[in-house]
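Here is the structure we will look at, set down as structure tokens.
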Amino acid sequence: MITQRAANIAFNILVIVAAVFFALEAETFQTSGLLASTGLPSKFFPQLMLAFIGLCSIIVIGAYLFRGYAGTDKGASVFEDGGAARRGLLVLVVAVACYLVWSLWSFIPMLILIGPACALAMGVRSPWMYVSLLVMSGIVYLVFTQLLNVQLT
């Protein structure tokens, strides 16, 4: 199927593009909360993490370009068959769709949608898995809204 080398180079290029996009999105963050009292802008921590992620992706790309492999994946392929490739790409589509749901509506519809949609894309058939994913979504919501006092909109 697809070689590990080609897939990881392409994936890391996408990671760098996404990191740049989200770093630009972080430019719009309002300074408030705990970071405002320290004098750091709200965009500082997300941009620092995104820069670190981008640097790691550059290192991985360099390893593949200069050595031809990274770790022990020399000559390995990514997917066993077309079905595994389809499921992997469907999860990527779900992630992008859920980001759009979050940006167009709010966090709560995305939170409810992402777990079951990913499980469906991966071919999960157990009803209990879907129930547990929805329960975990509720727990995430409660932790952020009740324990951390984060307004999820």
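The values are calculated or read from the model by the stated rules, or taken from the named source; none is laboratory data. A quick note: this is a predicted structure, and the numbers were derived from the prediction, not measured. Glycine also receives a Cβ, built like all others from the backbone with ideal geometry; neighbour counts cover every protein chain displayed. Please note that ligands, DNA and RNA were not included when accessible areas were found on the heavy atoms of the full protein model with its side chains. Shrake-Rupley method; radii C 1.70, N 1.55, O 1.52, S 1.80 Å.
Going by the alpha-carbon gyration tensor, a ≥ b ≥ c the square roots of its eigenvalues, is segment 82-147 rounded (a/c under 1.5) or, if a/c is not under 1.5, prolate (a/b greater than b/c) versus oblate?
Oblate, because a/c is 1.5 or more while a/b does not exceed b/c.
At 7 Å along the Cα-to-beta-carbon direction for both Glu25 and Cys56, put a label point, then send me their distance in nm to one decimal.
1.8
Can you list which of the DSSP-assigned H helices in the chain have a Cα extent of 30 Å or more along the long axis and an average Kyte-Doolittle score of at least 0.0?
Qualifying helices: 4-26, 44-66, 82-104.
Run the accessible area of the chain with a 1.4 Å probe and give the carbon-and-sulfur part as a rounded percent.
73
Counting other C-beta atoms within 10 Å, and keeping those with at most 15, which DSSP coil chymotrypsin sites (Phe, Trp or Tyr not before Pro) do you find in segment 77-153?
Phe79, Trp105
Please compute the length gained on full extension between Leu92 and Tyr130, using 0.36 nm multiplied by the number of residues separating them and subtracting their Cα-Cα distance.
11.8 nm
If I build a Gaussian network model for the chain, linking alpha-carbon pairs within less than 10 angstrom, which residue out of Ser57, Ser132, Ser77 has the largest mean-square fluctuation?
Of Ser57, Ser132, Ser77, the most mobile in the Gaussian network model is Ser132.
At 1.4 Å probe size, with every protein chain present, just tell me what the per residue accessible area of segment 82-147 comes to in Å². Intermediate results must be reported in sequence, preceding the final value.
Details: 4350 Å² over 66 residues.
Each residue of segment 82-147 exposes 66 Å² on average to a 1.4 Å probe.
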